[in-house]
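Engineer: Below you'll find the structure I mean.
No lab work stands behind these numbers, since they all come straight from the coordinates. Here the structure is a predicted model, which is why all the values come from computation and not from measurement. Heads up, the Cβs are rebuilt from the backbone with ideal geometry, glycines too, and the neighbour counts pull from every protein chain shown.
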Ligand SMILES: [Zn+2]
Ligand SMILES: [Zn+2]
């Protein structure tokens, strides 16, 4: 099992978001079993915060394997589903950290105004460490709303043939290709040529006036 230190090494720093992702992942592993070496476990994450790095390291659901699905909802919700039966757990983070003391608030204000003195930096660091510690040691019921059940398993990641973009000549996966004036183009070229066309149209309109 990967440790919190392993995640920090991957992510680059320790932070409360990472700690939340760590706790989410531990719970998912406890309930659904082993780390995914292939695609037997799927994670659906509803944000792209620091927490998702912990999910990738601990659960083995990774962006590259295709068993980490990102839904851009801006919610602290993590769903894990196990193939083939679809047993799943949905974990919604509902955590209120301890109120900041007046002193901590003052230090944070000074930090936000650009104060990087030792006093302020130490206070900010201590506050962060305290928060991480609280998250790592909190009870599941103080961190999460949990629901369990059978869930629909998303399709396994598919591999499609590549086509060649007629403008930049780079290869592009079939399902991402676009057609512009009857020719296959990649998305960046499609968008670029689209904006060029708009320029042309605007020029024409200006000429007419
Ligand atoms: Zn972070
Ligand atoms: Zn192109």
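Engineer: Taking 30 Å as R0, compute the FRET efficiency from the Cβ-Cβ separation of residue 192 and residue 140 and round it to 0.05.
Structural biologist: On the way: r = 49 Å, r/R0 = 1.64.
Given R0 = 30 Å and the Cβ-Cβ separation, E is 0.05.
Engineer: Tilt of helix 16-32 relative to the longest C-alpha principal axis of the chain, in degrees (0 to 90, nearest 10)?
Structural biologist: Here the helix axis deviates by roughly 90 degrees.
Engineer: Express in whole angstrom the spacing between the alpha-carbon centres of the range 159-183 and the range 62-137.
Structural biologist: 40 Å
Engineer: Would you mind telling me which residue in 37, 79, 101 has the biggest mean-square fluctuation in a Gaussian network model of the chain, where springs connect alpha carbons within a distance under 10 angstrom?
Structural biologist: 101
Engineer: Same structure again: Placing one identical point scatterer on every Cα of the chain and ignoring solvent, what is log10 I(q)/I(0) from the Debye formula at q = 0.11, 0.14, 0.17 Å⁻¹?
Structural biologist: -0.73, -0.90, -1.08
Engineer: Over the chain, what relative contact order in percent results from Cα pairs under 8 Å that are six or more residues apart?
Structural biologist: Working: 292 pairs, mean separation 36.3, N = 209.
Dividing the mean separation by the residue count of the chain yields 17 percent.
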